[in-house]
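Note sheet for the following structure.
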Amino acid sequence: MEESSGPGQTRGPDGKFIYTAASAQRDAEACELRARGWSYKRIADHLGADVHTIHDGVQRALRAIVQEPAEEVRTLELERLDRLYERAVEVLERRHVTVSQGKIIYEGGEPLADDGPVLQAIDRLLRIQERRAKLLGLDAATKTQVSGGVKYEIVGVDMDQLK
């Protein structure tokens, strides 16, 4: 069962904030008023909420404004990568023959296969897969281990006098 904790705020049984349509609407209104130059205090008074709630709501609204176009761009980029991937697979699967000075090279009566375009297609496929993984956040963070030490040298002190 949900319990309300203020205008536009709903908390679940665990006490955690649940983002509802009413919350989103309040955040959007607070963001719009803030864009008009209203202070957080004035917005809080107007919406019947505390200043911290309004500030957090404006920040959520601003993140959403940035996030939605970013998701659209990510989707478009993934579609482009899919098309490039399909083209690279077509090149990979195509038969390639070795050509020298404008003539096909034969070996044993058969055209000599050219592995160069196949290897280039494989390289391109790997680069596309790497880009997709980055866009989707699939790569795990890389841990770097730093080794070594720090050496201190005391200058201007006679060590015999310290004994």
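Remarks
- Average accessible surface area per residue within segment 1-131, 1.4 Å rolling probe, Å²: 72 Å²
- Protein-only accessible surface at a 1.4 angstrom probe places the residues Lys143, Lys41, Lys134 in the order Lys143, Lys134, Lys41, largest first.
- Spatially near lysine pairs across segment 9-163, Cα under 26 Å, sequence gap of 8 or more or different chains: 4
- The chain - charge dipole about Cα centre, Lys and Arg +1 at Cβ, Asp and Glu -1, debye rounded to 20: 340 debye
- Ordering 117-128, 76-87 by mean Cβ neighbour count within 10 Å, with the highest value first, yields 117-128, 76-87.
- Values [x] 55, 36, 30; [y] 88, 76, 37; [z] 43, 35, 27 are given for comparison; Cα extents along the principal axes in Å, derived from the coordinates here, is the one labelled [y].
- Segment 5-163: relative contact order as a whole-number percent, Cα under 8 Å and 6+ apart: 13 percent
- For Leu78, neighbours were defined as the other residues whose beta-carbon sits under 14 Å from its Cβ, and their charges (Lys and Arg +1, Asp and Glu -1) total -1.
- Inter-probe distance in nm under a simple model that places probes 7 Å from Cα toward Cβ, at Glu93 and Asp123: 2.4 nm
- Peptide packing: for 17-27, 54-64, 101-111, the average count of neighbouring Cβ atoms within 10 Å per residue gives the ranking 54-64, 17-27, 101-111, highest mean first.
- Percent accessible area from carbon and sulfur atoms, the chain, protein chains only, probe 1.4 Å: 52 percent
The values are calculated or read from the model by the stated rules, or taken from the named source; none is laboratory data. This one's a predicted model, so the numbers in the text were calculated from it and none came from an experiment. Virtual Cβ from ideal backbone geometry, glycine too; neighbours counted across all protein chains shown. To get the accessible areas, we keep the full protein, side chains included, count just its heavy atoms, and leave off ligands, DNA and RNA. Shrake-Rupley method; radii C 1.70, N 1.55, O 1.52, S 1.80 Å.
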